[in-house]
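Taken together, the values in this text are just the output of simple stated rules run on the coordinates, not laboratory data. Everything numeric here is computed off the predicted structure, so don't read it as measured data. Quick reminder, even Gly has a Cβ in these numbers, built from the backbone with ideal geometry, and neighbours come from all protein chains shown.
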Amino acid sequence: MTGEPGGRPFFAGIRPVIRKEFRQIRRDPRSLGFLLFLPAFLLLVFGYALNFDVKHVSLAVCDLDGTQASRDFSGKFAATEYFDLRYRLSDPREADALLGREAVGIVLIIPRGFGDDLAAGRETKIQALVDGASAMTATTAAGYIGAIVQSQTMRFSLDVLERRGLNRLELPLAVETRVWYNPELRSARFLVPGLMVFILMVIVVISTALTVVRERERGTMEQILVSPVRPVDLVLGKTVPYVLISLVSAHVVLLLGFLLFGVPIRGNYLLLLLTMTLFLTGGLGQGVLISTMAKSQQVAFMISILTTFLPTFILSGFVFPIRNMPLVIQPFTYLIPARYFLATLRAVMLKGTGLGAFWKEVLFLAAFAAVTIVVSTMRLKRTGLEERPRRFLGGRRRVAR
Amino acid sequence: MRTILTFIRKEFLQLRRDRRMLPILFIAPIVQLLLLGYAVDLDVRDVPAVVCDLDRTAASREFLAMYFHSGYFTEKGRAETPGDVDRFLDHGLASMAFIIPRGFGNDLAAGRTARVQLIADGSESQSATVGLNYASLIAARFSERVLAEAFEKVKALGLRPVRLQTEVRVWYNPELRSRYFLVPGILGLVLMVMTLMLTSMAIVREKEMGTLEQLIVTPLKARELILGKLLPFVVIGLIDVILVVGVATLLIRVPLRGSVPLLLALALVFMLTTLGLGLFVSTISRNQQQAMLTAVFFMIPMILLSGFVFPIENMPRLFQAVTYAIPIRYFFTVIRGIFLKGVGLPELWDETAAMLAFGLGIFILSVLRFRKRLE
């Protein structure tokens with residue numbers, strides 16, 4: 001430990017702050033409960049609830065042909081798990097209202113003469129109306145339609161050949177698709193790491209966002225300032241207890257991810273622990289930093305939500321691929337620590353790759369933790385000295401109200 | 001009436017006093033919408049892919065060209081051996097790999113089934129999954145072409161391949177831009193986050209500072225107190241909606257086909273819920289930290305279960321039922337309907353009624369709770 005001029009070991013000043021902070025946390029069991037178990041609870045719920053697989057798209061069929069062939073054909077759609085046949089229409093104009101109020105996503109229209117054309121080998125055309133408002137579902141669903149139609153066409157063609165005794169023709173191409181790191185393409189596999197990052201980020205920032213400003217708003221900051229506690233003691237003392245708490249809660253989440261969703265840790269656990277600690281410390285540091293900047297708890301809350309909630313969700317690469325973003329927006333994603341943690345988490349948990357693949361991310365996380373802690377210490381030093389007269393005015397304002 | 005006006009003025013003054021508050025209230029939503037509105041894009045294109053072509057024939061090159069000319073895939077490198085593909089996927093340099101074994105061209109020419117292997121990185125977000133769908137579709141198109149050539153050879157027999165065309169018509173959003181779907185969603189989320197945050201702290205703050213007693217001894221009635229507390233937030237919320245709609249339509253250029261007054265009116269109806277919920281959080285919390293955590297506890301389900309990105313129809317039945325209790329779900333249908341489909345009140349009647357029911361319910365509940373606490 002580095003000695004100070006006064007001969008006091010560096011960490012001696014922190015311990016009382018930590019002890020006091022722990023006592024304060026204990027006194028508010030509801031908040032502690034939230035911090036410990038909210039992430040696990042949210043993961044539990046959303047791990048089950050969410051997935052991206054587009055299945056069971058509601059379908060309406062308007063069969064104007066009404067022959068065996070057309071019934072077989074539309075039956076092929078309803079038979080897959082991708083589409084649920086909800087309506088049979090007799091007039092294509094009904095499609096309008098159904099799509100308008102989101103009752104169905106797709107309307108399939110089979111024209112009159114479909115069966116005859118098919119039997120005669122004439123070109124046939126079917127129509128699919130897609131609700132493009134939900135663009136992602138629509139894209140995938142349109143893809144399914146294309147695939148089903150294509151496989152049907154191929155089948156029909158091979159049938160034609162077979163009837164003429166040319167059955168030695170094989171399907172030209174066999175495509176073997178394999179999915180790595182997540183063989184069954186379970187959404188849970190790639191959603192769980194993302195959910196973990198999102199939930200932890202929001203929780204850690206808000207768990208320290210009020211610490212300093214609360215003391216200030218309640219007027220207990222003066223007491224701390226006249227005590228021998230240094231700014232660095234205060235920042236570290238307020239961060240360390242939450243690092244421990246959030247490490248516990250992150251482990252609960254990891255355990256749940258493994259037990260319930262089968263998300264393994266393929267890579268090195270110690271590496272994971274290291275990046276996790278860096279990320280959590282950085283997030284908590286961000287909270288403290290917000291706390292030193294805000295004048296009231298309300299503002300601190302708003303800044304922390306505005307900087308974490310939607311940005312983490314959208315800019316971290318959790319759902320939205322970063323490479324899809326416009327070049328102007330991409331630099332902003334470097335400001336989102338969740339981006340680095342998510343990349344590491346996916347690499348360690350799902351791919352089992354070593355430090356070589358993501359050392360840059362680890363460096364960024366370390367820098368993020370260091371910057372937030374140092375800057376908030378510096379801010380605290382400054383505000384501690386400068387804001388004395390202003391805080392006096394603030395005190396008067398409170399009385400006046 | 002005079003007292004309540006004075007009270008409202010005091011609330012506005014208090015909001016203005018805080019130097020950091022104004023930018024948070026009016027600049028932050030715009031910045032968020034701009035930054036996030038441009039960022040949200042789930043269109044699958046330019047999926048980075050690595051190629052391992054062991055065949056190196058005209059046929060294999062033609063096959064690969066179909067992929068890289070489709071616009072869905074871009075070539076990010078070539079692997080010499082199939083094992084070399086690992087490196088690209090492990091380091092996240094590519095999220096798909098196409099492996100063409102030796103003999104691909106010969107098999108095709110001989111009418112035997114040729115094999116190819118497609119590998120997708122399943123750890124990455126959904127784009128890889130969708131990429132796989134596209135890849136299979138392109139492969140199917142390729143085999144269709146091969147089949148057509150086979151028919152060409154037996155043309156003498158008078159056989160023709162069956163030709164079935166699908167005409168896919170996409171309504172409301174012909175280019176299938178995911179951004180058009182997502183930006184109205186962000187609008188709803190920003191409105192929810194702003195109003196819920198403001199309200200959830202509003203009363204607990206007075207409680208924590210001990211100024212609530214002072215308010216109670218004033219001649220203000222409980223309902224005037226609540227009205228005075230909430231009215232500024234309604235105004236702020238409406239201004240935010242107008243600003244954000246302006247940014248979405250003028251800068252991000254999301255089409256707005258329906259009526260703006262209707263959008264504002266229904267935003268007001270939706271705010272009934274968020275304000276009521278915020279008030280509720282305020283009444284069940286002892287201090288601001290609790291209020292904040294409780295508000296977050298309500299907000300996370302709102303973003304994840306609302307159908308913003310995760311389609312509701314894919315959720316397990318139980319959770320689908322739960323989403324009916326998430327008021328923002330209805331608001332999403334409303335804003336998407338007004339923005340993209342240009343529908344009016346008749347089509348949105350169910351959603352409006354649901355939002356109204358939820359809003360009034362939670363609102364009355366929290367007002368009652370609050371009054372009981374006062375007495």
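Among the lysines, select those whose C-alpha is under 21 Å from the C-alpha of A:Lys381, and discard any that sit fewer than 8 residues away in the same chain.
A:Lys20, A:Lys238, A:Lys295
If the convex hull of the alpha-carbon atoms of segment A:57-163 is projected onto planes in all directions, what is the mean projected area in square nanometres? Kindly include the intermediate steps, with their values, before the conclusion.
Numbers: hull surface 26.1 nm².
Averaging across all directions leaves 6.5 nm² for the Cα convex hull.
Normalising by the residue count of chain B, find the relative contact order in percent from Cα pairs under 8 Å and 6+ residues apart. Can you show the working numbers first?
Details: 464 pairs, mean separation 71.6, N = 375.
Taking the mean separation of contacting Cα pairs over the length of chain B, I get 19 percent.
Considering Cα pairs under 8 angstrom that are at least six residues apart, work out the relative contact order of segment B:1-124 and quote it in whole percent. Each step should come with its number before you reach the end.
Working: 136 pairs, mean separation 29.6, N = 124.
Relative contact order, segment B:1-124: 24 percent.
Compute the acute angle (0 to 90°) between the alpha-carbon long axis of helix B:327-336 and the principal axis of greatest extent of the alpha-carbon atoms of chain B; round to the nearest 10°.
For helix B:327-336, the angle is close to 60 degrees.
For chain A, what class follows from the C-alpha gyration tensor (a ≥ b ≥ c being the square roots of its eigenvalues): rounded when a/c is under 1.5, otherwise prolate if a/b is larger than b/c, else oblate?
Working: a/c = 3.67, a/b = 2.46, b/c = 1.50.
It comes out prolate by the Cα gyration axes.
Taking N as the number of residues in segment B:223-375, what value does Rg over Cα atoms divided by 2.2 N^0.38 Å take? Kindly include the intermediate steps, with their values, before the conclusion.
On the way: Rg = 16.5 Å, N = 153, 2.2 N^0.38 = 14.9 Å.
Segment B:223-375 yields a ratio of 1.11.
For segment B:47-157, max minus min Cα coordinate along each principal axis, in Å, sorted largest first?
On the principal axes, segment B:47-157 reaches 53, 26, 19 Å in Cα extent.
Convert 10 °C to kelvin, take the viscosity as 1.306 mPa s, use the Kirkwood radius over C-alpha pairs of the protein assembly as shown as Rh, and evaluate the Stokes-Einstein diffusion coefficient in µm²/s, rounded to a whole number. If you can, show how the numbers build up before the last one.
Details: Rh = 28.8 Å.
After rounding, the answer is 55 µm²/s.
Can you list the aspartates and glutamates whose alpha carbon is less than 13 Å from that of A:Lys351, not counting same-chain residues fewer than 8 positions off?
Within the straight-line cut-off, A:Lys351 pairs with B:Asp86, B:Asp90, B:Asp121, B:Glu124.
Report, in deg cm²/dmol and to the nearest 500, the calculated mean residue ellipticity at 222 nm for chain B, where each DSSP H run with n ≥ 4 adds -39500 (n - 2.57) and the sum is divided by the residue count.
On the way: 14 runs with 229 residues, N = 375.
For chain B, the value works out to -20500 deg cm²/dmol.
Arrange the following residues from fewest to most other Cβ atoms within 10 Å of their Cβ: A:Leu363, B:Leu340.
Numbers: A:Leu363 12, B:Leu340 24.
The order, fewest Cβ neighbours first, is A:Leu363, B:Leu340.
Can you pull the three principal axis extents for the Cα set of segment B:184-230, in Å, largest first?
Taking max minus min along each principal axis of the Cα atoms, segment B:184-230 gives 44, 21, 8 Å.
When a footprinting reagent is the concern and you count Cβ atoms within 10 Å, what order do A:Val107, A:Val371, B:Val116 take, fewest first? Write out the running numbers ahead of the final one.
Details: A:Val107 25, A:Val371 14, B:Val116 21.
Listing A:Val107, A:Val371, B:Val116 from fewest to most nearby Cβ atoms yields A:Val371, B:Val116, A:Val107.
Note down the Stokes-Einstein diffusion coefficient of segment B:75-115 in µm²/s, whole number, using a Kirkwood radius over alpha carbon pairs, 10 °C, and 1.306 mPa s. Could the numbers behind the result be given before it?
Details: Rh = 11.6 Å.
Taking Rh from Cα pairs, D becomes 137 µm²/s.
Which pairs break 18 Å Cα to Cα here: A:Lys55/A:Lys125; A:Lys76/B:Lys341; B:Lys207/B:Lys229; B:Lys221/B:Lys372?
A:Lys55/A:Lys125; A:Lys76/B:Lys341
Please give the calculated 222 nm ellipticity per residue for chain A, where each DSSP H segment of at least 4 residues contributes -39500 (n - 2.57) and the sum is spread over every residue; nearest 500 deg cm²/dmol? Show your work: numbers first, answer last.
On the way: 15 runs with 256 residues, N = 401.
Taking each H run of at least 4 residues, the total per residue is -21500 deg cm²/dmol.
Want the number for A:Leu273 to A:Ala79: 0.36 nm per residue separation, take away the alpha-carbon distance, what's left?
Numbers: separation 194, 0.36 × 194 = 69.84 nm, distance 4.69 nm.
Gain in length upon complete extension: 65.2 nm.
When the convex hull of the C-alpha atoms of chain B is computed, what volume per residue in Å³ does it have? Numbers along the way, then the final one.
Details: hull volume 70.6 nm³, N = 375.
Residue-normalised Cα hull volume stands at 188 Å³.
Specify the angular offset, from 0 to 90 degrees and rounded to the nearest 10, of the alpha carbon long axis of helix A:269-293 from the longest principal axis of the alpha carbons in chain A.
60
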